[in-house]
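K.L.:
Quick one: the structure is below, and I'll ask about it shortly.
Taken together, the values in this text are just the output of simple stated rules run on the coordinates, not laboratory data. Everything quoted here is computed from the prediction, not taken from an experiment. Glycine also receives a Cβ, built like all others from the backbone with ideal geometry; neighbour counts cover every protein chain displayed.
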Amino acid sequence: MKYISTRGLSPALSFSEILLGGLAPDGGLYMPEAYPQFSAADLSAMRGMNYRDLAYTILSRLVDDIPAADLRDIVDRTYRAEVYAFARPGQNAEDITPTLELEQGLYLLSLSNGPTLAFKDMAMQLLGNLFEYVLAKKGETTNILGATSGDTGSAAEYAMRGKQGVNVFMLSPHQKMSRFQTAQMFSLQDENIHNIAVRGVFDDCQDIVKAVSNDHQFKANHKIGAVNSINWARVAAQVVYYFKGYFAVTSDNSQKVSFAVPSGNFGNVCAGHVARMMGLPVDKLVVATNENDVLDEFFRTGVYRPRGSANTYHTSSPSMDISKASNFERFVFDLVGRDGAKVRELWSKVDAGGAFDLNADGWFAKVADYGFVSGSSNHAHRMQTIKQTQAQYGVTIDTHTADGLKVALEHRSADTPMLVLETALPAKFEDAIVEALGHKPQRPASLEGLEQLPQRFEVMDADTDAIKAFIVAHIE
């Protein structure tokens, strides 16, 4: 299995060779040279598997340069019930991603039972163990630079804290995360964790990460690695729970399932696209955005028009406050027939602050072949959906999951199960839940008083050179 760049100008590399780096040298994102295929017989054999066996079966098709016994050990250590202990009452933590039936044909896929109460744990815990394994084999260290709109940062830091040979530098938009999200990150006192609050929005943070990654000399000299979903291993890990969710709500492989995915950076729903390309019987992939509806605009019109940091809204589903969706490039690569030159042409417009339109040359007409549909939500919709879900089903959901459920209901069909991907537990967004329901959401006892803990972070301008200097000063 080799991995190629979406922009077509980088050599094909193995999984371990791309694991630490993030962006390809040509600025593109890595994708499998060809998608491994799961046949109907394969799906039948996988149907009864537990999460660890399923993860190993899928990942072993995508990772062929780590010995099977070592990969098995990494997977088994990652997906233990005690790591995903925050399951709802009545759910079995051993399931790792249990499903919750709201009504016939409508489900939540619970992805938020990990240590930071967000779906990012599902991939980040694996990434932490993979990083440690590969670094130990090579006798190397790495300095991770990441950007977060709320959940990636804490998931990465909890996965990497105390890991040998790993330093983490995490950029977040200053005062634009929830109080819980902020405290989760900034209260960590581990010496290998460095939090930088950037004066700006998430897109500013993400642009700095990409600028550093594209400075090949600096990246090589200071061993800069990536944990954002530009890292292929993140997407690969997320593919697993699409298979798990499918098997949980179907009885045979002739059935199709739709997934509704709250979307900001397009990594989560991109994993659904990859699962579908590998043979999972997916009907619709429902892209749900908040007020930052650049992706919804594309899937409705064929025009991709990032708005820039000045026009990115700060909302009550802050992890989706993103205008430039990095992983969208992975889907467009497939959409345009894996033509790297075409992707370079399109993203040269995006990188220059512009837009692109895929109607003229007929590419947009092919979107339907991949099952994508979309919709958007706003604050009033979120509040109403949270209230309705509590009243109708006795279930409290967070604001991002509410965006997903609201849009899911617009695309639901009677004969196809719909799974809404739960992105976080409501405790992470207490103020919004109080506004919607009039009371605080329940939180795990171990996280009581989190916001009162001492916090350790630096506030800096959105200045790539200043961030580079900070990194150098804290690794040498």
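K.L.:
Compute the Cα gyration tensor for segment 101-185, then decide on rounded, prolate or oblate, letting a ≥ b ≥ c be the square roots of its eigenvalues: rounded whenever a/c is under 1.5, prolate when a/b is larger than b/c in the other cases, and oblate in all that remain.
P.N.:
Since a/c reaches 1.5 but b/c is at least a/b, the shape of segment 101-185 is classed as oblate.
K.L.:
Can you check what the net charge comes to around Asp53, using other residues whose Cβ is under 14 Å from the Cβ of Asp53 (Lys, Arg +1; Asp, Glu -1)?
P.N.:
Taking every Cβ under 14 Å from that of Asp53, the sum is +1.
K.L.:
Now for a separate question. Under 13 Å from the Cβ of Ser154, count the other residues' Cβ atoms, weight Lys and Arg +1, Asp and Glu -1, and hand me the total.
P.N.:
Overall, the nearby charge balance is 0.
K.L.:
Which cross-chain or sequence-distant (5 or more) residues have an amide H under 5 Å from the amide H of Phe356, H modelled 1.01 Å from N in plane?
P.N.:
Result for Phe356 returns Tyr304.
K.L.:
Right, something else. Let me make sure I get this right: for segment 237-344, a, b and c are the square roots of the gyration tensor eigenvalues over alpha carbons, sorted descending. Under 1.5 in a/c it's rounded, otherwise prolate if a/b > b/c, else oblate. Which is it? Write out the running numbers ahead of the final one.
P.N.:
Details: a/c = 2.42, a/b = 1.47, b/c = 1.65.
Because a/c hits 1.5 or more and a/b fails to exceed b/c, segment 237-344 counts as oblate.
K.L.:
Then there is this: Any chance you could run the full-extension gain for Asn311 through Phe218? It's 0.36 nm times the residue separation minus the Cα-Cα distance, nm to one decimal.
P.N.:
30.4 nm
K.L.:
Additional query: Using Cα positions and a limit of under 16 Å, work out the aspartates and glutamates in reach of Lys342, with same-chain residues fewer than 8 apart set aside.
P.N.:
Asp26, Glu329, Asp334, Asp351, Asp357, Asp361
K.L.:
A further question follows. Give me the net charge of Phe218's neighbourhood, meaning all other residues with Cβ under 12 Å from the Cβ of Phe218; Lys, Arg count +1, Asp, Glu -1.
P.N.:
+1
K.L.:
Based on other C-beta atoms within 10 Å, arrange Thr142, Thr315, Thr399 from fewest to most.
P.N.:
Values: Thr142 25, Thr315 21, Thr399 31.
Exposure proxy ranking, most exposed first: Thr315, Thr142, Thr399.
K.L.:
How fast does segment 1-95 diffuse by Stokes-Einstein, in µm²/s, taking the Kirkwood radius from C-alpha pairs at 10 °C and 1.306 mPa s?
P.N.:
103
K.L.:
When Phe180, Phe247, Phe470 are ordered from fewest to most other Cβ atoms inside 10 Å of their Cβ, what list results?
P.N.:
Phe470, Phe247, Phe180
K.L.:
Still on this structure, I have one more. Grab every C-alpha pair in segment 201-273, bin the distances at 5 angstrom width from 0 up to the longest one, and report whole percents.
P.N.:
Final binned percentages: 3, 13, 18, 18, 14, 11, 8, 6, 5, 3, 1.
K.L.:
Taking every DSSP beta bridge that has both residues in the chain, what percent is antiparallel when rounded to the nearest 5?
P.N.:
25
K.L.:
Going by the alpha-carbon gyration tensor, a ≥ b ≥ c the square roots of its eigenvalues, is segment 378-424 rounded (a/c under 1.5) or, if a/c is not under 1.5, prolate (a/b greater than b/c) versus oblate?
P.N.:
Since a/c reaches 1.5 and a/b is larger than b/c, the shape of segment 378-424 is classed as prolate.
K.L.:
Sticking with this one: Any chance you could list P(r) for the chain, counting all Cα-Cα pairs in 10 angstrom bins from zero, rounded to whole %?
P.N.:
Histogram of Cα-Cα distances, whole percents per bin: 4, 22, 34, 29, 11, 1.
K.L.:
Note down the magnitude of the dipole of the chain about its Cα centre, charges +1 on Lys and Arg C-beta and -1 on Asp and Glu C-beta and zero elsewhere, to the nearest 20 debye.
P.N.:
Around 240 debye, computed over the chain.
K.L.:
Still on this structure: Quick one: if you stick a label point 7 Å off each Cα along the C-beta vector at Gln390 and Arg456, how many nm between them?
P.N.:
Result: 3.7 nm between the two label points.
K.L.:
Between Thr301 and Gln164, what is the FRET efficiency for a Förster distance of 51 Å, r being their Cβ-Cβ separation, to the nearest 0.05? Mind showing how you got there, number by number?
P.N.:
Numbers: r = 49 Å, r/R0 = 0.95.
After rounding to 0.05, the efficiency reads 0.55.
K.L.:
Calculate the length of the line joining the C-alpha centroid of segment 393-414 to that of segment 319-388, in whole Å.
P.N.:
Segment 393-414 and segment 319-388 have Cα centres spaced 21 Å from each other.
K.L.:
OK, next. Could you give each residue of segment 215-231 its phi-based ³J(HN,Hα) in whole Hz, using Karplus coefficients 6.51, -1.76, 1.60 with θ = phi - 60°, and x for Gly or Pro?
P.N.:
Whole-Hz 3J(HN,Hα) from phi for segment 215-231: 8, 4, 5, 4, 4, 6, 4, 10, 6, 7, x, 9, 10, 4, 6, 5, 6.
K.L.:
Could you tell me which helices of the chain pass both thresholds, a Cα extent of 20 Å or more along their own axis and a mean Kyte-Doolittle hydropathy of at least 0.0, with helices taken as whole DSSP H runs?
P.N.:
Once both thresholds are applied, what remains is 120-138, 232-249.
K.L.:
Okay, next question. Extending each Cα 7 Å along its Cβ direction at Ala341 and Ser413, get the distance between those two points in nm, one decimal.
P.N.:
3.8
K.L.:
Between segment 252-312 and segment 17-73, what's the alpha-carbon centroid distance in Å?
P.N.:
Segment 252-312 and segment 17-73 have Cα centres separated by 21 Å.
K.L.:
Answer with one residue from Asn192, Leu447, Met49: the one whose Cα lies farthest towards the positive end of the charge dipole of the chain, charges on Cβ with Lys, Arg +1 and Asp, Glu -1.
P.N.:
The Cα lying farthest towards the positive end belongs to Met49.
K.L.:
Next question, about the same structure. 7 Å from Cα along Cα→Cβ at both Arg179 and Leu9: what's the point-to-point distance in nm?
P.N.:
For Arg179 paired with Leu9, the spin-label model returns 4.9 nm.
K.L.:
Given a Förster distance of 35 Å, report the FRET efficiency between Asp369 and Ser60 from their Cβ-Cβ distance, rounded to the nearest 0.05.
P.N.:
0.80
K.L.:
Taking only C-alpha pairs under 8 Å that are 6+ residues apart, what is the relative contact order of the chain in percent?
P.N.:
Details: 943 pairs, mean separation 90.0, N = 476.
So the answer I get is 19 percent.
K.L.:
What is the distance in Å between the Cα centres of segment 415-476 and segment 96-167?
P.N.:
Result: 14 Å between the Cα centres.
K.L.:
Treating only the Cβ of Lys, Arg, Asp and Glu as charged (+1, +1, -1, -1), what charge dipole size does segment 49-140 show about its Cα centre? Round to the nearest 20 debye.
P.N.:
The dipole magnitude comes to about 140 debye.
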